[in-house]
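J.: Encoded as structure tokens, here's the structure I'll be asking about.
The values are calculated or read from the model by the stated rules, or taken from the named source; none is laboratory data. A quick note: this is a predicted structure, and the numbers were derived from the prediction, not measured. No Cβ is skipped: glycine too gets one built from the backbone with ideal geometry, and neighbour counts run over all protein chains shown. Accessible surface areas use protein heavy atoms only, side chains included; no ligands, DNA or RNA. Shrake-Rupley method; radii C 1.70, N 1.55, O 1.52, S 1.80 Å.
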Amino acid sequence: ITCMGGYGAEYLAENIRRSSVGDQIRFFGTHADPYFLACSTAEVKYLVPWTKQEEQYIGQTLAIIKKEKIDLFIPKSDREVSIVSQQRDRLGCRYFLPDHAETVASQDKFSFYQILKESSVGAAKTFRIHSLEEIPSLISLMPGRDRYWVRVKTPGEAGAVTATWVKTAEQAKMW
């Protein structure tokens, strides 16, 4: 499991351990942050390169899989999911990922929102904003709300730069 030491990976491992087969599983964990990795409950821990160093990351991950004879690989972060999804045929083990097309579609929050909307699946109203001047008119499309979730990200990059709740268009602009 990647991102071991982080809450999501640790919670996943804890739940697997509590399952009927949990006592038969040996956990290997990776993380690029040595401080998070130190908090990991995995039996074997590996410090790996950050995913921005894509070739080094996948190279070391493949080496770990081969050395440890990993049966199932579970990537946790968006960036790791993206990289591993593209390299799935090289893993040499089973992996916990949807089809690559589904991975690509769900990685971008706005694209995923559009898929949900087209499929009549309820989701929070989501808008792509190209200019700060658009914010007041977009907020007016959501009457009766006392606060709004603002998530700032760079297109094509995994994860948000920042996110917070705001109460006014002016706060959103300043954020």
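J.: Please list, ordered by chain and number, the residues whose modelled amide H lies under 5 Å from the amide H of residue 53; skip anything fewer than 5 residues away on the same chain.
T.: Residues meeting the amide H criterion: none.
J.: Counting Lys and Arg as +1 and Asp and Glu as -1, what is the net charge of the other residues whose Cβ lies under 11 Å from the Cβ of residue 173?
T.: Its environment carries a net charge of -3.
J.: If you don't mind, another one. Please list, in order along segment 25-42, the HN-Hα scalar couplings obtained from phi with the Karplus expression 6.51 cos²θ - 1.76 cosθ + 1.60 (θ = phi - 60°), rounded to whole Hz, x for Gly and Pro.
T.: Taking θ as phi minus 60°, the curve returns 10, 9, 9, 10, x, 10, 6, 8, 9, x, 6, 5, 4, 5, 8, 5, 9, 5 Hz for segment 25-42.
J.: Expressed as a whole percentage, what fraction of the accessible surface of segment 1-151 belongs to carbon and sulfur atoms when a 1.4 Å probe is rolled over the protein heavy atoms?
T.: Carbon with sulfur: 55 percent of the solvent-accessible area.
J.: Hey, can you grab everything whose amide H is under 5 Å from the amide H of residue 153? Only 5+ residues off in sequence or another chain; H modelled, so Pro and N-termini drop out.
T.: Here the answer is 161, since their amide H atoms fall under 5 Å of that of residue 153.
J.: Could you compute Rg(Cα) / (2.2 N^0.38 Å) for segment 75-156, with N its residue count?
T.: My calculation over the Cα atoms of segment 75-156 gives 1.41.
J.: What FRET efficiency comes out for residue 89 versus residue 127 if R0 is 35 angstrom and r is the Cβ-Cβ distance? Round to the nearest 0.05.
T.: 0.40
J.: For segment 1-71, what percent of Cα pairs sit more than 14 Å apart?
T.: 58
J.: Shifting gears a bit: Excluding same-chain residues fewer than 8 positions from residue 67, which lysines have a Cα within less than 25 Å of its Cα?
T.: In chain and number order, the partners are 45, 52, 76.
J.: Now, a different point. Per residue, how much accessible area does the chain show when a 1.4 Å probe rolls over the protein heavy atoms, in square angstrom?
T.: Each residue of the chain exposes 66 Å² on average to a 1.4 Å probe.
J.: List the lysines whose alpha-carbon lies under 20 Å from that of residue 167, not counting same-chain residues fewer than 8 positions away?
T.: Within the straight-line cut-off, residue 167 pairs with 125, 153.
J.: Now a separate question. Report the label-to-label distance for residue 35 and residue 63 in nanometres (one decimal), using points 7 Å from each Cα along the Cα→Cβ vector.
T.: According to this spin-label approximation, the distance is 2.6 nm.
J.: Could you compute Rg(Cα) / (2.2 N^0.38 Å) for segment 51-114, with N its residue count?
T.: 1.15
J.: Once amide H atoms are built 1.01 Å from N in the peptide plane, which residues 5 or more positions from residue 93, or in another chain, come under 5 Å H to H?
T.: none
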